[in-house]
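The values are calculated or read from the model by the stated rules, or taken from the named source; none is laboratory data. What you are looking at is a predicted structure, and each value in this text was computed from that prediction instead of being measured. No Cβ is skipped: glycine too gets one built from the backbone with ideal geometry, and neighbour counts run over all protein chains shown. Heads up: the accessible areas ignore ligands, DNA and RNA and are worked out on the full protein's heavy atoms, side chains in. Shrake-Rupley method; radii C 1.70, N 1.55, O 1.52, S 1.80 Å.
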Amino acid sequence: MLTATQYIAPLMANFDPSVSRNSTVRYFDNGTALVVQWDHVHLQDNYNLGSFTFQATLLIDGRIIFGYKEIPVLVTQISSTNHPVKVGLSDAFVVVHRIQQIPNVRRRTIYEYHRVELQMSKITNISAVEMTPLPTCLQFNRCGPCVSSQIGFNCSWCSKLQRCSSGFDRHRQDWVDSGCPEESKEKMCENIEPVETSSRTTTTVGATTTQFRVLTTTRRAVTSQFPTSLPTEDDTKIALHLKDNGASTDDSAAEKKGGTLHAGLIVGILILVLIIATAILVTVYMYHHPTSAASIFFIERRPSRWPAMKFRRGSGHPAYAEVEPVGEKEGFIVSEQC
């Protein structure tokens, strides 16, 4: 998933420096800038396209610069069959959910919270792309400026961590474990704010504006995406016991719903058992006490005493009529003629 969600790619393709002795990958770090250069590298599955030379520079102020010296073909013509072809930035964090129905089983989920895709058709020889960071929630170190900020993010303050965040960044593990999502709903600040004893320096990597620069002309392309987090450490150092707030809420709601369902089922079974037991006891009592009021009540209303029902058809509407029982009528004497 690294090439799908987490990368800083001046040009991602199926490059292989081992196919040519002239191919090198160099880097240099002077404390304020890290430069990585791919020099005369070839595509593994299409060597005849020629060599590519380009570099990426990460500056301490958060800017990222992609430089292109030699691009022999259009980037859109590079095959992505054996490897993705991408130009831009992407970042994500890992969350592990515990599955309540299956003990000791956890589900890992990768959340991609920011992506900047550059137009591949703009990547040509002797050109450069500069990405400048916009403000994020993590730059605020006090509650007041955090909750009142208007920078395009839903910033919230967590007093336990003394951190301002939108909740979706590399620090989400601490954010959820400390109960910050519940605290952030109030959007309130305490009267007395703790005094910070140390200053924190962070470097933003997200970018939203891009400039394409050529030696003779200048072309601009602006993206509308906003950075949503502040990467501060390598992704391989992320602990995998991160608890997702939404997943925890869903799990607790599911548990409550399941508990209510089980309680209702148990009550229904108990009521059914009581009804059956009562019917059995009443039947046994009436069998051994045929002269009791209950026995007489049911005897008088036995099916043989019910009036007979005879269905008839007429005018297309089925109906029924009450019919006198066959036999002698009570209270009448029928005499035959002599």
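Once the 1.4 Å probe is applied to the protein heavy atoms, region 137-182 comes out at 43 Å² accessible per residue. The listed residues HIS289, HIS42, once ranked by accessible area (1.4 Å probe) with the largest placed first, stand as HIS289, HIS42. Inter-label distance, ASP61 to SER159: 3.8 nm, where each label sits 7 Å from its Cα along the C-beta direction.
Could you calculate the FRET efficiency of LYS185 with THR260 from 1/(1 + (r/R0)^6), where r is the beta carbon distance between them and R0 is 25 Å, rounded to 0.05? Walk me through the intermediate numbers first.
Values: r = 25 Å, r/R0 = 0.99.
So the FRET efficiency works out to roughly 0.50.
Is the C-alpha gyration tensor of region 2-133 telling us rounded, prolate or oblate? Criteria: a/c under 1.5 is rounded; beyond that, a/b larger than b/c is prolate, otherwise oblate. Provide the component values of the computation, followed by the final result.
Numbers: a/c = 2.18, a/b = 1.59, b/c = 1.37.
In terms of gyration-tensor shape, prolate.
Protein heavy-atom surface of region 137-182, 1.4 angstrom probe: 44% of the accessible area is carbon and sulfur, with nucleic acids and ligands not counted. Across region 2-133, C-alpha contacts under 8 Å between residues 6 or more apart give a mean separation that, scaled by the residue count, equals a relative contact order of 26 percent.
Distance between the modelled labels on ILE276 and SER79, one decimal in nanometres: 7.0 nm (7 Å Cα→Cβ projection).
Sort region 135-174 into rounded, prolate or oblate with this rule: let a ≥ b ≥ c be the square roots of the eigenvalues of the Cα gyration tensor; rounded if a/c is under 1.5, and if a/c is not under 1.5, prolate when a/b is larger than b/c, oblate otherwise. All intermediate terms of the calculation are to be shown ahead of the outcome.
Details: a/c = 2.05, a/b = 1.22, b/c = 1.68.
Taking the square roots of the gyration eigenvalues as a ≥ b ≥ c, region 135-174 is oblate.
Set the Förster distance to 51 Å, then compute FRET efficiency between ILE99 and THR291 from the Cβ-Cβ distance, nearest 0.05. Approximately 0.20, to the nearest 0.05. Within the full protein context, the accessible area of ASP29 is estimated at about 100 Å² for a probe radius of 1.4 Å.
Split the accessible area of region 1-109 by element, probe 1.4 Å, and carbon with sulfur accounts for 50%.
Give the distance, in whole Å, between the Cα centre of region 76-112 and the Cα centre of region 161-184. A separation of 22 Å, based on Cα centres. Counted by Cβ distance under 12 Å from LYS160, the other residues give a net charge of -4, where Lys and Arg count +1 and Asp and Glu count -1.
Leaving out ligands and nucleic acids, note down the accessible area per residue over region 2-133 with a 1.4 angstrom probe, in whole Å². Show your work: numbers first, answer last.
On the way: 7060 Å² over 132 residues.
For region 2-133, the per-residue accessible area is 53 Å².
Just so you know, the averaged projected area of the alpha carbon convex hull for region 94-167 sits at 9.1 nm².
Computed about the Cα centre, the dipole magnitude for region 2-133 is approximately 480 debye when only Lys and Arg (+1) and Asp and Glu (-1) carry charge, each at its Cβ.
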